[in-house]
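Following: one structure in structure tokens, then a few remarks.
The values are calculated or read from the model by the stated rules, or taken from the named source; none is laboratory data. Being a predicted model, the structure only gives us computed values, none of them experimental. Here Cβ is always computed from backbone atoms with ideal geometry, including for glycine, and neighbour counts include all displayed protein chains. Note: accessible area is taken over every heavy atom of the protein model, side chains too, but ligands, DNA and RNA are not part of it. Shrake-Rupley method; radii C 1.70, N 1.55, O 1.52, S 1.80 Å.
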Amino acid sequence: MGKILLRNIVNEGVESDILIDGNVIAGIFPAGSAECTDSADLEAVDCKGKRAFPGFVNMHTHAAMSMMRGVGEDIAFHEWLTRIWELESGIDDEYVYHATKVACLEMIKTGTTTFNDHYWRLPMAYKAASEMGLRAVLAYVICDRNEPEESERQKKQCLEVYEKTQEWTGPFTFAVAVHAIYSVSEEMILWAVKFARERNLRIHIHLSETQKEVDDCMAKHGMSPVEYLDSLGALGPDVIAAHTLWLSDRDVEILGKRGVTCVHNINSNLKLASGYRFRYNELRDAGANVCLGTDGCASSNNLDMLETMKTSVMIQKAWRGDPSAMPLNEIIDIATVNAGKGLGLNIGKIEVGALADILIVDTDSYSFLSPGSFEANLVYSAHSDCIDSMICDGKFVMRNRVVPGEKEILAEARKTAEKLPSRA
Ligand SMILES: [Zn+2]
């Protein structure tokens, strides 16, 4: 791999030269002082007037739902989920491949360099993400719905897929997803956790997303979903729990003590009317690692992390009646560096030695024309079209808003989408 030198780019307020060697940030120098010259293996790019920012990490996606936007509007969570499962029974490899490419295209355009995915037909997601150049954590989904035959089939398939991942090249990590406590048998939860821990893999689960999930769990087990998983020994710093929206004080304490990564997905929660009182301050203070996700496009309708950041902050401030809740520096960490911690990857920051996932932000617009800080304008004022270029794993995946092959990706995906039954 070659080298890239981003010249005259503003990084943390200082005009700098950032040197990328292979897939790592190799040096950050005052502008004009990098001792590198253009050569066959070094590309120098003048970024005068632009800002560097770490790529966003979307910690909870179902990427291939990118072609299921608007299919379940204005209905309740469980009705919505039934509709989605019906729809998913009709998809195939080709669908997942093209839909994941569309998702990656959107993520690139909106500044996400890494996504933590939870979807069926994982080899297709791998193929799509590899071609698009994004970093991904791809989880095999366990969802046996309490059917023993299905459990056995999934155990076998999970192992087969895992073995195949040993041949993966590029910035990809395999994980195990447990769909949720209401859709996976206890035996299978225990199997999945053991399988993951024996191989040092992350465990990705939907947890305490709705009040109904909590009520049903209390009725069935006499415990909350968090207490139930903890009683199985399932919670730890290797667990990435999406939603964690309906939490008791005891739940917060457990999630903190176990060092669980809790992923807030505000847009999905708002739209499905699952709730909005995410206990950010309490989780943070208890020691949980809070991150951010969009969830799939069937519930959030887009994968835009800047929109998600802004909405998360607004709702925290509003429901707490506290304008200091979820401050700017914290929401930026939540969308970047905390995710690196949760995934065990050196991402989400621009520093020497970190993986080179960098956004080049164009500030030449009305959104940034103010004495306010760049970060405030980025999160609260700008839209993702300010992201001019993106480097992921040391390679340009977008330059000047152009993603190679964009038209073809959309055209191919459109053909696949048209083959699906009506999604109205
Ligand atoms: Zn989800």
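Which value, in debye to the nearest 20, gives the size of the charge dipole of region 127-173 about its Cα centre, when Lys and Arg are +1 and Asp and Glu are -1 at the Cβ?
Numbers: 7 positive and 9 negative charges, 44 e Å.
Magnitude of the dipole: close to 220 debye.
Using the basic label-point model (7 angstrom from Cα toward the beta carbon), what is the ASP41 to LEU369 distance in nanometres?
Rounded to a tenth, the inter-label distance reads 4.5 nm.
Stokes-Einstein diffusion coefficient for region 284-424 at 25 °C in a medium of 0.890 mPa s, Rh from the Kirkwood formula over Cα pairs: what value in µm²/s? It would help to have the intermediate numbers written out before the result.
Details: Rh = 17.6 Å.
Translational D for this selection: 140 µm²/s.
Is region 1-129 rounded, prolate or oblate when judged by the Cα gyration tensor, a ≥ b ≥ c being the square roots of its eigenvalues, rounded requiring a/c under 1.5 and prolate requiring a/b larger than b/c? Walk me through the intermediate numbers first.
Details: a/c = 4.06, a/b = 2.48, b/c = 1.64.
It is prolate, given that a/c is not under 1.5 and a/b is the larger ratio.
Round to the nearest 10 and report in Å² the accessible area of SER324, as given by a 1.4 Å probe over the protein chains' heavy atoms.
80 Å²
Quick one: putting +1 on the C-beta of Lys and Arg, -1 on the C-beta of Asp and Glu, what dipole do you get for region 21-157 around its Cα centre, in Debye to the nearest 20? Mind dumping the intermediate values first?
Values: 14 positive and 22 negative charges, 65 e Å.
It works out to roughly 320 debye.
Roughly how compact is the chain, stated as its Cα Rg over 2.2 N^0.38 Å to two decimals? Provide the component values of the computation, followed by the final result.
Values: Rg = 21.1 Å, N = 424, 2.2 N^0.38 = 21.9 Å.
This ratio for the chain stands at 0.96.
Give me the accessible area per residue for region 303-370, probe 1.4 Å, as a whole number in Å². Intermediate results must be reported in sequence, preceding the final value.
Values: 2660 Å² over 68 residues.
Ligands and nucleic acids excluded, the result is 39 Å² per residue.
Give me a comma-separated list of calculated 3J(HN,Hα) values for region 269-274, in order, Karplus coefficients 6.51, -1.76, 1.60 applied at θ = phi - 60°, integers in Hz, x for any Gly or Pro.
5, 5, 5, 8, 6, 6
Of GLN166, CYS217, PHE278, which is farthest towards the positive pole of the chain's charge dipole, taken about the Cα centre with +1 and -1 on the beta-carbons of Lys, Arg and Asp, Glu respectively?
PHE278
Taking GluC sites (Glu not before Pro) as exposed when DSSP calls them loop (any state but H, G, I, E, B) and at most 16 other Cβ atoms lie within 10 Å, what is the longest stretch of the chain free of them, the sites themselves excluded? Before the final figure, lay out each step's value.
Values: sites that count: GLU12, GLU35, GLU73, GLU167, GLU351.
In the chain, the maximal stretch lacking such sites is 168-350.
Report, in cubic angstrom per residue, the convex hull volume of the C-alpha atoms of region 236-319. Please report the intermediate quantities before stating the final value.
Working: hull volume 6.8 nm³, N = 84.
In region 236-319, the Cα convex hull volume per residue is 81 Å³.
Could I have the simple spin-label model distance between LYS257 and ASP285, label points 7 Å from Cα toward Cβ, reported in nm to one decimal?
1.8 nm
With a 1.4 Å probe and all protein chains left in place, how much of the accessible area of the chain comes from carbon and sulfur atoms, in whole percent?
On the way: 8680 of 17000 Å².
With neighbouring chains kept in place, the figure for the chain is 51 percent.
So which chymotrypsin sites (Phe, Trp or Tyr not before Pro) in region 59-119 are both in a DSSP loop and have at most 16 other Cβ atoms within 10 Å of their Cβ? Let's see the in-between values first.
Values: sites: PHE77, TRP80, TRP85, TYR95, TYR97, PHE115, TYR119; in loops: TYR119.
Counting only loop positions with at most 16 other Cβ atoms within 10 Å, none of the chymotrypsin sites (Phe, Trp or Tyr not before Pro) in region 59-119 qualifies.
Using +1 at the Cβ of each Lys and Arg and -1 at the Cβ of each Asp and Glu in the chain, identify which of ALA242, MET390, ASN302 lies farthest towards the dipole's positive end.
The Cα lying farthest towards the positive end belongs to ASN302.
How large are Rg and Dmax for region 313-382 when calculated on the C-alpha trace, in angstrom?
Considering region 313-382 through its Cα atoms, Rg and Dmax are 14.4, 40 Å.
Send over a whole-number figure in Å² for the accessible area per residue of region 122-258, probe 1.4 Å.
On the way: 5730 Å² over 137 residues.
Using a 1.4 Å probe on heavy atoms only, each residue of region 122-258 averages 42 Å².
Magnitude of the Cβ-charge dipole of the chain, K/R +1 and D/E -1, about the Cα centre, nearest 20 debye?
Numbers: 43 positive and 61 negative charges, 36 e Å.
That gives a dipole near 180 debye.
Would you mind computing, in nm to one decimal, how far apart the modelled labels at GLU167 and LEU328 are, each placed 7 Å from Cα along Cα→Cβ?
Going from the GLU167 label point to the LEU328 one covers 5.0 nm.
Positive end of the dipole of region 29-106, charges at C-beta (+1 Lys, Arg; -1 Asp, Glu), about the Cα centre: which of TYR95, TRP80, GLY55 has its Cα farthest in that direction?
GLY55
Return the FRET efficiency for the residue pair GLU94, LEU232: r is the Cβ-Cβ distance, R0 is 41 Å, and the value is rounded to the nearest 0.05. Could you put the intermediate results ahead of the total?
Values: r = 37 Å, r/R0 = 0.91.
According to the calculation, E is roughly 0.65.
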